[in-house]
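Okay, structure first, notes after.
The values are calculated or read from the model by the stated rules, or taken from the named source; none is laboratory data. Only a predicted model underlies this, so the values are computations on that prediction, with no experimental measurement involved. All Cβ positions, even for glycine, are placed from backbone atoms using ideal geometry, and neighbour counts span all protein chains on display. Note: accessible area is taken over every heavy atom of the protein model, side chains too, but ligands, DNA and RNA are not part of it. Shrake-Rupley method; radii C 1.70, N 1.55, O 1.52, S 1.80 Å.
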Amino acid sequence: MIKFTIITLFQEAIEPYLKSSMMWKATEKGLAEFDFVNLREFGLGPHKSVDDTPYGGGDGMLLRCEPVFAAIESVKAKDPDTKVILPTPVGELWTQKMAREFAFHSGLRPASHYIILCPHYEGYDERILSIVDYKVSLGKYVLTGGELPALIMIDSIVRLIPGVLGGEQSAEIESFSEGDNLEYPQYTRPEDFRGMKVPEVLLSGNHGEIARWREKHSGRVEIK
Ligand code: ADE
């Protein structure tokens, strides 16, 4: 069982995805659990403010320490073992290897619980890093917040947990551990679509021939 507590101002942007398709199935099967903490609830003053202008000047607003620490501490008060992940463009680049480590780690223990702190807009007070365990970048581009990175991390971890996708799972983990993902062209019905025909060999029932054809036509996509 893996649990994610997502600290965000925009629960409504994240929740529909987690209630759909495989993430929902993982929840239904008791393999994953998703929880939300509304950062606004820990905001300061009558306006429940969570950000402020930067010292030294400059554009935009930064996430303040107090609401963030209070939100994280409220989760840790119930589960002290929780680790905190911060999506940030200056973090370590997210890879299949990291997804596997998070998924595998959760398989070793009865429960793993991660907090994903979603910053928004221009950034965060640097002192927030003192309460963060993993800084993760999803790519060399800048997004408006941590919500999309949170979903991508969660999806890529949860799909690897045995039982989420089904039988092919362990084989898939093996092929990823080689560092390569074998991708070959695949076809389903109809055999002939507007003159584009399914390769004869795939209809032959000859498993040896099919395996050789697939090997020959696979592009090796490096997924490390
Ligand atoms: N927040 C904004 N841009 C990001 C990125 N590329 N990866 C992770 N978090 C981000």
### Message
Let me spell it out: the conditions are (1) among the charged types (D, E, K, R); (2) without any contact (Cβ under 8 Å) to a residue 40 or more places away in the chain; (3) within 14 Å of the ligand (Cβ to nearest atom), and K135 meets all of them except one. Which number is the exception?
### Response
(2)
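Could you please let me know if P54 is in a loop (DSSP other than H, G, I, E, B) and surrounded by 12 or more Cβ atoms within 10 Å (Cβ to Cβ)?
Numbers: in a loop (DSSP other than H, G, I, E, B): yes; surrounded by 12 or more Cβ atoms within 10 Å (Cβ to Cβ): yes.
Spelling it out, P54 is indeed in a loop (DSSP other than H, G, I, E, B) and surrounded by 12 or more Cβ atoms within 10 Å (Cβ to Cβ).
Condition check ((1) of a type in the set (S, T, Y); (2) outside the structural domain of N38 (by TED's automatic domain parsing); (3) on the phi > 0 side of the Ramachandran plot; (4) surrounded by 14 or more Cβ atoms within 10 Å (Cβ to Cβ)) across all residues:
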site	(1), (2), (3), (4)
E73	no, no, no, no
K76	no, no, no, yes
I85	no, no, no, yes
E92	no, no, no, no
T95	yes, no, no, no
H105	no, no, no, yes
I115	no, no, no, yes
S130	yes, no, no, no
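Applying the selection to region 196-219, what residues are under 12 Å from Y184 (Cβ atoms) and open to solvent by less than 70 Å² (accessible area, probe 1.4 Å)?
Kept after step one, since they are under 12 Å from Y184 (Cβ atoms), are these residues of region 196-219: 199, 201-202, 210-219.
Within region 196-219, P199, V201, L202, I210, A211, W213, S218, G219 qualify.
So how many residues does region 178-195 have that are open to solvent by 80 Å² or more (accessible area, probe 1.4 Å), part of a loop (DSSP other than H, G, I, E, B) and modelled with pLDDT of 95 or more?
6
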### Summary
The condition from (1) farther than 30 Å from G56 by Cβ; (2) at pLDDT 95 or above; (3) more than 10 Å from the ligand (Cβ to nearest atom) that W94 misses is numbered (3)
### Query
Which residue pairs have Cβ atoms closer than 9 Å, lie 6 or more positions apart in sequence or on different chains, and pair a first residue in region 51-79 that is without any contact (Cβ under 8 Å) to a residue 40 or more places away in the chain and closer than 16 Å to E126 by Cβ with a second residue that is in a helix (DSSP H, G or I) and open to solvent by 40 Å² or more (accessible area, probe 1.4 Å)?
E66/F42; P67/R40; P67/E41; P67/F42
## Note on the structure
Pairing a residue in region 139-155 that is in contact (Cβ under 8 Å) with a residue 12 or more places away in the chain and aliphatic (A, V, I, L, M) with any residue that is open to solvent by 40 Å² or more (accessible area, probe 1.4 Å) and near the ligand (Cβ under 9 Å from one of its atoms), where Cβ atoms lie under 6 Å and the two sit 6 or more apart in sequence or on different chains, gives V142/P89
### Query
Can you name the residue in region 31-49 that is open to solvent by less than 50 Å² (accessible area, probe 1.4 Å) and in contact with a strand residue (DSSP E or B) (Cβ under 6 Å, 6 or more places away or on another chain) and is also farthest from H120 (Cα to Cα) among such residues?
A32
